[in-house]
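Read the structure below first, then the notes.
The values are calculated or read from the model by the stated rules, or taken from the named source; none is laboratory data. Just so it is clear, the structure is predicted and the values come from calculations on it, not from any experiment. Virtual Cβ from ideal backbone geometry, glycine too; neighbours counted across all protein chains shown.
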Amino acid sequence: MRHLFRKDPRMDRAIALVTGIALGLFGLIVTAIATIEHMARQILASMGIVGELQTALLVILLVGMIVAAFRVFGGAFSVLISLVLILILLHALLATAGVPLH
């Protein structure tokens, strides 16, 4: 029975590979989301839309991205992406409200 519970280095490497790929993919998705949010903020500012209206439009964009994350990725991965989007949303709301973020 002892041989059933032996540690297999090949399995450790496989788990590390899958974990690395998942974390890398998550990093790419979060970077893309932050880039989209930044570009949307710049576009709105260049059109003269600032302040609370800009925040409202960014909230709509972020909610749409949360819905898209659940549709595209499903499961636990979309929950993680949604949490990141909610943090970005809170950051935008607090910055607009004048709450110091440092």
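Brief remarks follow.
- The sole residue among 70, 77 that is assigned to a helix (DSSP H, G or I) and at pLDDT below 75 is 77.
- Some residue of region 43-57 being surrounded by 13 or more Cβ atoms within 10 Å (Cβ to Cβ) and either modelled with pLDDT under 85 or touching a Lys or Arg at 6+ places or on another chain (Cβ under 8 Å) (or both): yes
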